[in-house]
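The structure appears below as structure tokens.
What follows draws every value from the coordinates through simple rules; no lab data is involved. Only a predicted model underlies this, so the values are computations on that prediction, with no experimental measurement involved. Neighbour counts are summed over all protein chains in view; Cβ atoms, including those assigned to glycine, are modelled from backbone coordinates with ideal geometry.
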Amino acid sequence: MLDNCRTAKERWGGVSDLIDRWLKERQELIIRLCELTDWEEFGEVEAIVKRLTEFCQALLDYVSAGHFEIYEQLLEEARAINENSTELVNRLYPRIQLTTEAALDFNDRFDATPEDAEELKQLMPELSALAEKLEERFEMEDMLIEMLYQAQSPQMA
């Protein structure tokens, strides 16, 4: 997942400040996810809860930025260049919305601080399922970025 994020930054970095910032937020989210899943023992409840809190905050920041800022801006930029771009957005947006709902459900589920290692063990299957949803989301977002990149390419030539 982190490799795909690096590839996206290499591919589209510099296309716009908005995309650069968004890809940086994506990378932060992935790093927090990796940190959360990278513990040796479930006995370190306090450290895990701290990582969980940081991950949930990064998750909410990322999905909020997508819905309340990035997608609309990408659509506006693409429309300014190519009117046909709305078809892809209209096709992807409902699917992206499903991943947002999964992220919000995860956050709601783990918003209350787990009190012991047993509660945290329940986290792993849900975290794994969320990671799969996020990967789907990143692929769809990359399609939106590609649309903007392709729309801008003829103008840059």
Along Cα→Cβ, 7 Å out, is where each label goes; now give me the distance between the ones at Thr37 and Ala65 in nm to one decimal.
2.1 nm
Quick calc: nm separation of the 7 Å Cα→Cβ label points for Gln150 and Ala131 -> 3.1 nm
